[in-house]
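For reference, the structure is listed below as structure tokens.
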Protein chains: 2
Amino acid sequence: MLEVFKKYINDKVSMPEDDLSEILSYAILKKLRRRQFLLQEGDVWRYNAFVSSGFLRKYSVDDKGTEHIMSFSPENYWTGDRESLVNETPSKFNIEALENAEILLFKKDDFDMLCKKFPLFNNMVNNILHRSFLTSQNRIHSSISLTSEEKYNNFVLKFPSIANRVPQHMIASYIGISPETLSRIRSQANKR
Amino acid sequence: MLEVFKKYINDKVSMPEDDLSEILSYAILKKLRRRQFLLQEGDVWRYNAFVSSGFLRKYSVDDKGTEHIMSFSPENYWTGDRESLVNETPSKFNIEALENAEILLFKKDDFDMLCKKFPLFNNMVNNILHRSFLTSQNRIHSSISLTSEEKYNNFVLKFPSIANRVPQHMIASYIGISPETLSRIRSQANKR
DNA sequence: AAAAACTATTGACAAATGTCAACGTTTTTA
DNA sequence: TAAAAACGTTGACATTTGTCAATAGTTTTT
């Protein structure tokens, strides 16, 4: 829904109503049902995508068929594959709805034009990117410095609402361990 | 040296000579000898730092005294701790010169002012940030989906000049494995 | 030139993690 | 509502990785 996006923007930056309306006029509404895909491996990603409701995940599948989850995207978050977007190369990732979702799509060219036309919007976008970068850095630091148990505890601590929303094996995939190992880590911790 | 920075900017964006000079006028030159620190854990990081010559690493030290390397920064790269910078919180990281280095420091407020005043400069900064984000995402994907051996091969493939410039145990630290394991991975691979 | 520090390797062993299979339960689908 | 799929757990076992210690070669410092 457009209202969700409107509220999202207004929370971040105070922008003239008309500008916001113009931005909204470029949004393409896409509805996804659970297990449908927003992006499939091999396709080129051409949008900026705002999740106005529902829940998505982005993941790759390796030679052995194992899935590796790069991100979860609940409502009020963005998703997509920026590498595919900027290089116009086939994506390594799948983006799939874990719950029925409503997405606002902005074509790359439209989005870039809007960023140029509305500096406030551009600033907001860059701020989001900046925060995403900080989040990435933290995830990297966890991955090279923490034990599996610490990675799990950290995840639950930082993303409690996501931890409650996805099956356990997806948390395992996100932090880079097998589902069995996570199960054992949890049962060990319970005994203490 | 200022010349290096000038060339760096001119390679990325065509900016009026005067603007560039003004930007340069805010640079603080800092020389570091091997093993000196640009930032020490616990201090708040207050700059944007451009490496005009030399070579730095950023790392944390855990409870057991093990170092975990977050990044390497050769000449023509930026370094610092953005999380500490934006939140004004004590840094978890140390930034240390691995080779004698010359750094250009821009105080946070100066740098932000320059970004506001010179849109081209601002764009350049945001582009760099964007690329850093893509790099981070790739590192995350490696860390959750590759074996240790693959992580090492990947590192050498992507950063050959860094791989040749640092001791092996630092590569191990960067990819999140012990130095002994890396040594064994390499000797195994040699047999094949 | 000698001493100290750093680096990479290797062995022995312990600990952590992955793999495969089986099972019962819960959730989803038809 | 019955069948199928998904989920989490557990056991047995193999594999990977970490830890500690010793060693030899190299580089740096004094």
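What follows is calculated from the coordinates using simple rules that are stated; it is not laboratory data. Nothing here was measured: the structure is a model prediction, and the numbers come from that model. FYI the Cβ positions are ideal-geometry reconstructions off the backbone, even for glycines, and counts take in every protein chain you see.
Brief remarks follow.
- Against chain B, whose longest principal axis comes from its Cα atoms, helix B:119-145 is set at around 10 degrees.
- Backbone HN-Hα couplings from phi across region B:16-27 [Karplus 6.51/-1.76/1.60, Hz, Gly and Pro as x]: x, 3, 5, 4, 4, 4, 4, 4, 4, 5, 8, 6
- Cross-link partners of A:LYS7 among lysines (Cα-Cα below 26 Å; sequence separation of 8 or more within a chain): A:LYS30, A:LYS31, A:LYS58, A:LYS107, A:LYS108, A:LYS116, A:LYS117, A:LYS158
- Scattering from region B:82-186 was approximated by placing one identical point on each alpha carbon and applying the Debye formula without solvent; log10 I(q)/I(0) at 0.14, 0.21, 0.22 1/Å stands at -0.80, -1.24, -1.27.
- Spatial offset of region B:15-66 relative to region A:108-172 amounts to 26 Å, using the alpha carbon center of each.
- Couplings 3J(HN,Hα) for region B:56-72, derived from phi with the Karplus relation 6.51 cos²θ - 1.76 cosθ + 1.60 (θ = phi - 60°), are 10, 9, 10, 8, 10, 10, 8, 3, 7, x, 7, 8, 10, 7, 7, 7, 10 Hz, where x marks Gly and Pro.
- Dimensionless Rg/Rh of chain A - Kirkwood Rh, Rg from C-alpha atoms: 1.00
- A:ILE177, B:ILE95, A:ILE171 arranged by Cβ crowding within 10 Å, fewest neighbours leading: A:ILE177, A:ILE171, B:ILE95
- Other-copy label distances relative to A:ARG192, 7 angstrom Cα-Cβ extension, nm: 3.6
- Built amide H within the under 5 Å cut-off of A:SER91, gap 5+: A:GLY42, A:ASP43, A:VAL44, A:TRP45
- C-alpha long axis of helix B:179-191 to longest principal axis of chain B, angle in °: 60
- Principal-axis analysis of the Cα atoms of chain A puts helix A:2-12 at an angle of about 80° to the longest axis.
- The aspartates and glutamates whose alpha-carbon is closer than 12 Å to the alpha-carbon of A:LYS6, local same-chain residues fewer than 8 away aside, are A:GLU17, A:ASP18, A:ASP19, A:GLU22.
- Net charge dipole size for the protein assembly as shown [Lys, Arg +1 and Asp, Glu -1 on Cβ; Debye, nearest 20]: 1160
- Stokes-Einstein D for region B:2-108, Kirkwood Rh over Cα pairs, 25 °C, 0.890 mPa s (µm²/s): 170
- Only Cα sites of the protein assembly as shown enter the Debye sum here, all with the same form factor; the resulting log10 I(q)/I(0) across q = 0.15 1/Å is -1.54, listed in q order.
- Placing +1 on the Cβ of every Lys and Arg and -1 on the Cβ of every Asp and Glu, with no other charges, gives region A:2-108 a dipole of roughly 240 debye about its Cα centre.
- Projecting the Cα atoms of B:PRO119, B:GLY176, B:GLY42 onto the charge dipole of chain B (Cβ charges, centred on the Cα centre) puts B:GLY176 farthest toward the positive pole.
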